[in-house]
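See structure below.
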Amino acid sequence: MKTAQAFIFDLDGVIVDTAHYHFLSWKKTASSFGYHLTEADNEQLKGVNRVVSLERILEWANHRLEPAVFDQTLIDKNEDYLKRIQSITTEDALEGVPELLSFLRQEEIPVALGSASKNAPLILKYLELLPYFQALIDGNQVSKSKPDPEVFLKGAEALGVEPQDCIVFEDAAAGVAAAKNAGMQVVGLGDAEVLDAADFHFKSIAEIPMDFYKQLINRS
Ligand code: BG6
Ligand code: MG
């Protein structure tokens, strides 16, 4: 294992289980043009930005929207999603995440967020985890969707660390590909088959032993 000088976290599905809320909102959108969105479809939307997600659903549904309706559909989807996430509290951080962030702070390891979501700062605020991040790169700062490496390269740059010295935590195939395209090590969280391009696999952060982090940052 190569050592890491900085950690970059995806948000949805890594820090908090908002992936499910995105699914429910997209399912509602898809059903409005008669398409039944499945969990398998949703796997291909994880990590992908809002515009590309809608384009993909329209392609599956073999449906077209006029530009103005397309834009309104994005607004409606986000309003539905915002309603679903407004009850998020500190209790909703996934198991082991606050402990890991606190460990990294204690060890003075720089931490960035690398998320496609424009709602990322709001969600971190609900979770009261904002103070743990030295850099936030989210859907408002990037123009290219994962698997493009832009989001993670910007994260490394904001932290002042070389890409090859970063480790990324991701739950999406597109996100794992983005991190590999950035030349970073990646921990894949979830189905090892879906995330087969990751360097390491765990079901979730809760499953990762403390020794793994200690070795990564060369403290063992
Ligand atoms: C990613 C999610 O983190 O953010 C996707 O995995 C989501 O499902 C994307 O579509 C964009 O999020 P938002 O909050 O800007 O619509
Ligand atoms: Mg994710």
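Contact map, region 12-39: first residue within 17 Å of Val52 (Cα to Cα), second residue assigned to a strand (DSSP E or B) and open to solvent by less than 30 Å² (accessible area, probe 1.4 Å), Cβ cut-off under 8 Å, separation 6 or more or different chains; pairs are Ala19/Asp12; His22/Asp12. Can Gly155 be described as part of a helix (DSSP H, G or I), within 13 Å of ligand 1 (Cβ to nearest atom), open to solvent by less than 10 Å² (accessible area, probe 1.4 Å) and among the small types (Gly, Ala, Ser)? Spelling it out, it is not the case that Gly155 is part of a helix (DSSP H, G or I), within 13 Å of ligand 1 (Cβ to nearest atom), open to solvent by less than 10 Å² (accessible area, probe 1.4 Å) and among the small types (Gly, Ala, Ser). For the structure I just gave you, tell me whether Thr3 is touching a residue at least 40 places away in the same chain (Cβ under 8 Å), more than 16 Å from ligand 2 (Cβ to nearest atom) and either surrounded by 13 or more Cβ atoms within 10 Å (Cβ to Cβ) or within 25 Å of Lys203 (Cβ to Cβ) (or both). The answer is yes for Thr3. Remark: pairs (first residue in region 75-93, touching a residue at least 60 places away in the same chain (Cβ under 8 Å); second residue away from ligand 1 (no atom under 11 Å from the Cβ) and open to solvent by 20 Å² or more (accessible area, probe 1.4 Å); Cβ separation under 6 Å; 6+ apart in sequence or on different chains) = Ile88/Tyr126.
Looking only at region 6-32, count how many residues are more than 22 Å from Pro110 (Cβ to Cβ) and either open to solvent by 30 Å² or more (accessible area, probe 1.4 Å) or within 11 Å of ligand 2 (Cβ to nearest atom) (or both). Write out each step before concluding.
Narrowing region 6-32 to residues more than 22 Å from Pro110 (Cβ to Cβ): 13, 17-32.
From what is left, the residues that are either open to solvent by 30 Å² or more (accessible area, probe 1.4 Å) or within 11 Å of ligand 2 (Cβ to nearest atom) (or both) are 13, 17-22, 24, 27-28, 31-32.
Residues in region 6-32 being more than 22 Å from Pro110 (Cβ to Cβ) and either open to solvent by 30 Å² or more (accessible area, probe 1.4 Å) or within 11 Å of ligand 2 (Cβ to nearest atom) (or both): 12 in total.
Residues in region 61-79 that are within 16 Å of ligand 1 (Cβ to nearest atom) and either open to solvent by less than 60 Å² (accessible area, probe 1.4 Å) or not assigned by TED's automatic domain parsing to the domain that holds Thr29 (or both) were compared, and the one that is farthest from Thr38 (Cα to Cα) is Phe70.
In region 90-120, what count of residues is obtained for those that are closer than 25 Å to Phe202 by Cα and part of a loop (DSSP other than H, G, I, E, B)?
10
Looking for whichever is without any contact (Cβ under 8 Å) to a residue 40 or more places away in the chain and in contact with a strand residue (DSSP E or B) (Cβ under 6 Å, 6 or more places away or on another chain) here; the options are Val151, Val111. Which one fits? None of the others qualify; the one that does is Val151. Restricting attention to region 80-88, does a residue exist that is buried (at least 16 other Cβ atoms within 10 Å of the Cβ), at pLDDT 95 or above and away from ligand 1 (no atom under 15 Å from the Cβ)? Checked against the condition, which is being buried (at least 16 other Cβ atoms within 10 Å of the Cβ), at pLDDT 95 or above and away from ligand 1 (no atom under 15 Å from the Cβ), region 80-88 yields no hits at all.
The values are calculated or read from the model by the stated rules, or taken from the named source; none is laboratory data. Fair warning: this is a prediction, and the values are worked out from it, not measured in the lab. Note that we place each Cβ from the backbone using ideal geometry, even for glycine, and neighbour counts take in every protein chain shown. Areas reflect the complete protein model, heavy atoms only, side chains present, ligands, DNA and RNA absent. Shrake-Rupley method; radii C 1.70, N 1.55, O 1.52, S 1.80 Å.
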